[in-house]
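Visitor: Sharing a structure here in structure tokens format.
The values are calculated or read from the model by the stated rules, or taken from the named source; none is laboratory data. Just so it is clear, the structure is predicted and the values come from calculations on it, not from any experiment. Neighbour counts run over all protein chains shown; Cβ positions are idealised from the backbone, glycine included.
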């Protein structure tokens, strides 16, 4: 039996290779926002995590999800190639495949899973404390569960009850549960994404960059701080497709195409940086970006020393993702 691959990309290599200056030797300039380091490395070392798609389910190979996603990615790559060639989303099949890929990137991320675990822990802890608070009710439930074969007869329910009340445990989802939830949610998001109209953004000057969280959802107004949502008017969903092409969706948009000068490209690069999980990727360090905190354009070579890196809490929580520091 072949040994299944264990290094799984949560941002597809075919997508990242599109930002490489030399497709035959796909490497990208990387700024690690957590470590404040920059370097160039192969796309194979980026946005990757061991066993991110591995499952342990009876009757299923451990790489069943990885192989299924590889088939999806092959179709998406074909669609993306067509979109890049035509600089258009007019082809309904290509558009649908790209929107599905966007939905996958939104929900299937190592930066998303800890938040789901935290929510599950909070909910189950509250439920557990309610059940454990009354000893007689708890003992009756344990007796019934043992009778139903849920727990063995020697199961120590009282120790569990005390652990719940004293916060001695934490609840988290299995990888299989995460994947099941993510794949279902991606399908649910697809019609919501379909309600947006899309602007094709062509970089007349400058280059777009991307990141390990390449889909950025933000308010059109930098100063607005209300909760974001895919179905909320006034929000923008931005996705760089290549150094020279990106899309931006809004519920109140009309499908249009715009050429962006270097300043507007830099503005969108700033959005990408603010949304990154841990790393920013670019063809080289000669890109420009704009952040409101800077008051002007900055060069990509300055990003690792930008004061903003000391201010964004998300960058202080590193996942096990990606590889080179």
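Visitor: Tell me the residue from 201, 251, 228 that is over 20 Å from residue 10 (Cα atoms), touching a strand residue (DSSP E or B) at 6+ places or on another chain (Cβ under 6 Å) and surrounded by fewer than 19 Cβ atoms within 10 Å (Cβ to Cβ), please.
Guide: 228
Visitor: Filter segment 52-86 for residues that are in contact with a strand residue (DSSP E or B) (Cβ under 8 Å, 6 or more places away or on another chain) and within 25 Å of residue 29 (Cα to Cα); which is modelled with the lowest pLDDT?
Guide: The residue in question is 52.
Visitor: Assuming residue 59 fulfils every condition listed in (1) out of contact with any helix residue (DSSP H, G or I) (no Cβ under 7 Å at 6 or more places or on another chain); (2) surrounded by fewer than 20 Cβ atoms within 10 Å (Cβ to Cβ); (3) on the phi < 0 side of the Ramachandran plot apart from one, which condition is it?
Guide: Among (1) out of contact with any helix residue (DSSP H, G or I) (no Cβ under 7 Å at 6 or more places or on another chain); (2) surrounded by fewer than 20 Cβ atoms within 10 Å (Cβ to Cβ); (3) on the phi < 0 side of the Ramachandran plot, residue 59 violates only (3).
Visitor: I would also like to ask the following. Are any residues in segment 74-99 assigned to a helix (DSSP H, G or I) and touching a helix residue (DSSP H, G or I) at 6+ places or on another chain (Cβ under 6 Å), and if so, which ones?
Guide: Selection gives 75, 76, 77, 79, 82, 83, 94, 97, 98, 99.
Visitor: Within segment 64-73, can you find the residues that are touching a residue at least 40 places away in the same chain (Cβ under 8 Å) and over 16 Å from residue 180 (Cβ atoms)?
Guide: The answer is 73, and nothing else.
Visitor: Could you tell me how many of the residues in segment 274-311 are exposed (fewer than 14 other Cβ atoms within 10 Å of the Cβ) and either touching a helix residue (DSSP H, G or I) at 6+ places or on another chain (Cβ under 8 Å) or touching a residue at least 12 places away in the same chain (Cβ under 8 Å) (or both)?
Guide: Counting residues in segment 274-311 that are exposed (fewer than 14 other Cβ atoms within 10 Å of the Cβ) and either touching a helix residue (DSSP H, G or I) at 6+ places or on another chain (Cβ under 8 Å) or touching a residue at least 12 places away in the same chain (Cβ under 8 Å) (or both) gives 7.
Visitor: Could you check how many residues of segment 171-216 are without any contact (Cβ under 8 Å) to a residue 24 or more places away in the chain and closer than 29 Å to residue 259 by Cα?
Guide: 1
Visitor: Does segment 205-225 hold any residues that are in contact with a helix residue (DSSP H, G or I) (Cβ under 8 Å, 6 or more places away or on another chain) and either part of a loop (DSSP other than H, G, I, E, B) or farther than 26 Å from residue 11 by Cβ (or both), and which are they?
Guide: Matches in segment 205-225: 205, 206, 207, 208, 209, 213, 214, 215.
Visitor: Which helices (runs of 4 or more DSSP H) sit wholly inside segment 134-200 and have at least 1 residues that are modelled with pLDDT of 90 or more and under 35 Å from the mean Cα position of the chain (by Cα)?
Guide: It comes to 175-194.
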